[in-house]
1. What's the number of the condition THR87 fails, among (1) of a type in the set (S, T, N, Q); (2) within 21 Å of the chain's Cα centre (by Cα); (3) modelled with pLDDT of 95 or more?
2. Being closer than 22 Å to MET29 by Cα, under 17 Å from the mean Cα position of the chain (by Cα) and modelled with pLDDT of 90 or more is true for just one of PHE190, PHE134. Which residue is that?
3. Of the residues that make up region 17-35, is at least one modelled with pLDDT of 95 or more, among the aromatic types (Phe, Trp, Tyr), assigned to a helix (DSSP H, G or I) and surrounded by 13 or more Cβ atoms within 10 Å (Cβ to Cβ)?
4. Which residues, counting only those in region 87-100, are buried (at least 18 other Cβ atoms within 10 Å of the Cβ) and either of a type in the set (A, V, I, L, M) or at positive phi (or both)?
5. What number of residues within region 65-78 are under 25 Å from VAL113 (Cβ atoms), out of contact with any helix residue (DSSP H, G or I) (no Cβ under 8 Å at 6 or more places or on another chain) and either hydrophobic (A, V, I, L, M, F, W, C) or outside the structural domain of ILE43 (by TED's automatic domain parsing) (or both)?
6. Is it the case that some residue within region 82-93 is more than 26 Å from SER205 (Cα to Cα) and touching a residue at least 12 places away in the same chain (Cβ under 8 Å)?
Amino acid sequence: MEECNKGHNRNRDLVESIKKIQRFGFEVMAGFIVGFDNDPPNIFDKLVDFVNQSNIITAMVGLLNAPLNTKLYQRLKSEGRIIKLMTGDNTDFSTNILPKMDLNMLIEGYKRVVKTIYSPKVYYERIKKFLLEFNPPQPKFFHYRPEYTKAFFKSLFLLGLYSKERFQYWKLFFWSLFKKPKLFPLYITFAIYGYHFRKIFEKHSMKINHCDS
């Protein structure tokens, strides 16, 4: 927190703070960065635990990069730790700095975090825990759009029949339908989110593996 100049978040229970926000009907979307100078070797396990304990569904994780003309860029440049310009894509496993942590350890740890938090078993369990505590106000009007129906049936075929996660998909499908029917559309949305994040991760993993070979 201190390294990011976010001292205001230090003296509080962040997991409980996030759950309190969720109980009031707000979804917390969070961004995380690994690769800071003070990150310990167990930062990856801590990050996985935090995401799962706080039931954050949309967790965007990236490697630390130094944008041009920032204080971070100037400091690392003076230390000889800028190796290239950043790509601007925080999902492509790249960084433009030389971290203090071993670079291979950093990249492998980052990949492990993303692979773990979006693995079907872990991800769908996190959705279930979120739906149990989430208490949104009921909207007065429902604005139907044709693309909602299209997305729903596409998820049935893509996630329910052809994907590796179909067991978890159907298990939570019926649980949310009967236990949390008012949140059922949100469940379908989250299921699609997870599939999207896994596909992005797999795409970049294949690129990295191809380059390594």
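The values are calculated or read from the model by the stated rules, or taken from the named source; none is laboratory data. Quick caveat, the model's predicted, so the values are computed rather than measured. Please note: Cβ atoms are built from the backbone with ideal geometry, for glycine as well, and neighbour counts cover all protein chains shown.
1. (3)
2. Selected residue: PHE190, the only one of PHE190, PHE134 that is closer than 22 Å to MET29 by Cα, under 17 Å from the mean Cα position of the chain (by Cα) and modelled with pLDDT of 90 or more.
3. Looking for residues that are modelled with pLDDT of 95 or more, among the aromatic types (Phe, Trp, Tyr), assigned to a helix (DSSP H, G or I) and surrounded by 13 or more Cβ atoms within 10 Å (Cβ to Cβ), one finds none in region 17-35, hence no.
4. Hits for region 87-100 are PHE93, ILE97.
5. Going through region 65-78 one residue at a time, the tally reaches 2.
6. There is no residue in region 82-93 that is more than 26 Å from SER205 (Cα to Cα) and touching a residue at least 12 places away in the same chain (Cβ under 8 Å).
Residue-by-condition table, conditions (1) in a helix (DSSP H, G or I); (2) within 30 Å of LYS182 (Cβ to Cβ):
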position	(1), (2)
ASP92	no, no
PRO99	no, no
ASN104	yes, no
ILE107	yes, no
ARG112	yes, no
LYS121	yes, yes
LEU131	yes, yes
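For (1) within 23 Å of the chain's Cα centre (by Cα); (2) in the same structural domain as PRO41 (by TED's automatic domain parsing); (3) over 22 Å from ARG23 (Cβ atoms), each residue gets a yes or a no:
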{"residue": "GLY80", "(1), (2), (3)": "no, yes, yes"}
{"residue": "LYS128", "(1), (2), (3)": "yes, no, no"}
{"residue": "LYS171", "(1), (2), (3)": "yes, no, yes"}
{"residue": "LYS180", "(1), (2), (3)": "no, no, no"}
{"residue": "PHE184", "(1), (2), (3)": "yes, no, no"}
